[in-house]
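Enquirer: Starting off with a structure, shown below.
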Amino acid sequence: MTEVRLARWSADDLALLRQLNAPEVRAHTGGPETDEQVVARHERYLRGPGPRSGHMFTVGLPDGTKVGSVGYWEREWRGEPVYEMGWAVLPAYQGRGLASAAVRALVAEAAAHGDRRHAHAYPSVDHPASNAVCRKAGFTLLGETEFEYPPGHLMRSNDWRIDLTGRG
């Protein structure tokens, strides 16, 4: 199994976030952001758990190389308090199972430290790689939905859910 290490987001991670802002990484999430938006996102991640900031982590290889980001944050979905999960991996490291391993580790983190029964992910229906991550990480596909991301833009997404309590 692929090994990754999650580390809490730190002040040193702005360069990684800028690298993750590449068109090929952001193609299914509204495209690249301005540098001002990236810096603002980084500052939210540094603030840590809270409204719009969530629990953000870097994805690292055993040798310490940072290759992506992963996180979860609170939201309400169809009347239920849930976590939403998201991730990104640098293009040079995609296709190696790193995102799936990182999301499995994130699910364990959310289950151990969170207070929600379910976590959801909403990858675009047109993004086979992210949908495969959900499947490989143990999520259940609930079906297609319209999902607002980025704010003000509706996209056709798959609604994937995982039970964080292990109750099924």
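Enquirer: Looking at (1) of a type in the set (Ser, Thr, Tyr); (2) open to solvent by 10 Å² or more (accessible area, probe 1.4 Å); (3) farther than 21 Å from His127 by Cα; (4) modelled with pLDDT of 95 or more, which is the one condition that is false for Tyr93?
Expert: For Tyr93, the failing item is (3).
Enquirer: For the condition out of contact with any strand residue (DSSP E or B) (no Cβ under 6 Å at 6 or more places or on another chain), basic (Lys, Arg), touching a residue at least 60 places away in the same chain (Cβ under 8 Å) and farther than 26 Å from Glu146 by Cβ, what is the one hit in Arg96, Arg47?
Expert: Values: Arg47 fails: touching a residue at least 60 places away in the same chain (Cβ under 8 Å).
Unique residue meeting the criteria: Arg96.
Enquirer: Could I ask something else about it? Would a scan of the range 142-150 turn up a residue that is over 20 Å from Arg41 (Cα atoms), more than 12 Å from the chain's Cα centre (by Cα), β-branched (Val, Ile, Thr) and exposed (fewer than 13 other Cβ atoms within 10 Å of the Cβ)?
Expert: No, there is no match, as no residue in the range 142-150 is over 20 Å from Arg41 (Cα atoms), more than 12 Å from the chain's Cα centre (by Cα), β-branched (Val, Ile, Thr) and exposed (fewer than 13 other Cβ atoms within 10 Å of the Cβ).
Enquirer: Can you spot a residue in the range 4-24 that is modelled with pLDDT under 95, within 25 Å of Thr140 (Cα to Cα) and of a type outside the set (Phe, Trp, Tyr)?
Expert: no
Enquirer: Among the listed residues Leu90, Leu17, Leu98, identify the single one that is touching a Phe, Trp or Tyr at 6+ places or on another chain (Cβ under 8 Å) and within 27 Å of Ile162 (Cβ to Cβ).
Expert: On the way: Leu90 fails: touching a Phe, Trp or Tyr at 6+ places or on another chain (Cβ under 8 Å); Leu98 fails: touching a Phe, Trp or Tyr at 6+ places or on another chain (Cβ under 8 Å).
After ruling out the rest, the residue left standing is Leu17.
Enquirer: Filter the range 65-78 down to the residues that are open to solvent by 30 Å² or more (accessible area, probe 1.4 Å) and either at pLDDT 95 or above or β-branched (Val, Ile, Thr) (or both), then identify the one that is nearest to Ala132 (Cα to Cα).
Expert: Out of the qualifying residues, it is Lys66.
Enquirer: Please go through (1) surrounded by fewer than 16 Cβ atoms within 10 Å (Cβ to Cβ); (2) over 15 Å from Tyr72 (Cα atoms) for Asn158 and return the number of the only condition it doesn't satisfy.
Expert: Answer for Asn158: the failing condition is (1).
Enquirer: If a residue has to be out of contact with any Lys or Arg (no Cβ under 8 Å at 6 or more places or on another chain) and under 18 Å from Trp77 (Cα atoms) to count, how many in the range 96-110 make the cut?
Expert: 1
Enquirer: Could you please find all residues in the range 8-56 being surrounded by fewer than 17 Cβ atoms within 10 Å (Cβ to Cβ), among the hydrophobic types (A, V, I, L, M, F, W, C) and within 21 Å of Val103 (Cβ to Cβ)?
Expert: Ala22, Ala27
The values are calculated or read from the model by the stated rules, or taken from the named source; none is laboratory data. Everything numeric here is computed off the predicted structure, so don't read it as measured data. Note that each Cβ is placed from the backbone with ideal geometry, even for glycine, and that neighbours are counted across all protein chains shown. For accessibility, only protein heavy atoms count, side chains too; no ligands or nucleic acids. Shrake-Rupley method; radii C 1.70, N 1.55, O 1.52, S 1.80 Å.
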